[in-house]
Amino acid sequence: SPVPSLKREMRNLSEECSLEPVTVSMAYVYFEKLVLQGKLNKQNRKLCAGACVLLAAKISSDLRKHEVKHLIDKLEERFRFNRRDLIGFEFTVLVALELALYLPENQVLPHYRRLTQQS
């Protein structure tokens, strides 16, 4: 399964962009929800991963405009997709998550603990 390696990419990229562990944790939860819903396929899984990181970053932190742009540049470069597709996919993810971007703590904490113990 490509999921673990995609999550590793999500984490590495997030660290390069100095996103907080809680942001990565939220992105993981979004991503796993998409996996469970059967939304992932070979064509879209990198877009899924990228859109989850982007949404988590926008929701959880006060990224300024240029920082969001930097994050999108990085995502584009790392996952090799087109930013127009990424922005379109952001909407797909939102719909799949039923707009529930604020996550209950108990969904985020296990990932957060793992991430902060690893570093």
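The values are calculated or read from the model by the stated rules, or taken from the named source; none is laboratory data. The structure presented is a predicted model; accordingly, all values stated were derived computationally and were not measured. Cβ placement follows ideal geometry from the backbone for every residue including glycine, while neighbour counts extend to all protein chains displayed. Remember, those area values only see protein heavy atoms, side chains included, never the ligands or the DNA or RNA. Shrake-Rupley method; radii C 1.70, N 1.55, O 1.52, S 1.80 Å.
Before we move on, is Leu99 farther than 14 Å from Cys52 by Cα, open to solvent by 40 Å² or more (accessible area, probe 1.4 Å) and among the hydrophobic types (A, V, I, L, M, F, W, C)?
Details: farther than 14 Å from Cys52 by Cα: no; open to solvent by 40 Å² or more (accessible area, probe 1.4 Å): yes; among the hydrophobic types (A, V, I, L, M, F, W, C): yes.
No; evaluated as a whole, the condition is false for this residue.
Return the residue satisfying two criteria in turn: it lies in the stretch 53-96 and is in a loop (DSSP other than H, G, I, E, B) and not aromatic (Phe, Trp, Tyr), and of such residues it is surrounded by the fewest Cβ atoms within 10 Å (Cβ to Cβ). Spell out the reasoning first.
First, pick out the residues of the stretch 53-96 that are in a loop (DSSP other than H, G, I, E, B): 61-64, 80-82.
Retained after the next criterion (residues that are not aromatic (Phe, Trp, Tyr)): 61-64, 80, 82.
On the way: Ser61: 15, Asp62: 6, Leu63: 18, Arg64: 9, Arg80: 8, Asn82: 10.
The residue in question is Asp62.
Return the pair list, or none, for Cβ contacts closer than 8 Å from residues in the stretch 78-104 that are free of Cβ contacts under 8 Å to residues at least 40 places away in the same chain to residues that are open to solvent by less than 30 Å² (accessible area, probe 1.4 Å) and small (Gly, Ala, Ser), at least 6 apart or on different chains.
Every condition considered, the pairs that remain are Phe81/Gly50; Leu86/Gly50; Leu86/Ala51; Glu90/Ala51.
Residue by residue, here is whether (1) modelled with pLDDT of 85 or more; (2) over 21 Å from Val3 (Cβ atoms); (3) outside any helix (DSSP H, G or I) holds:
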site	(1), (2), (3)
Gly38	yes, no, yes
Leu47	yes, no, no
Ala51	yes, no, no
Pro110	no, no, no
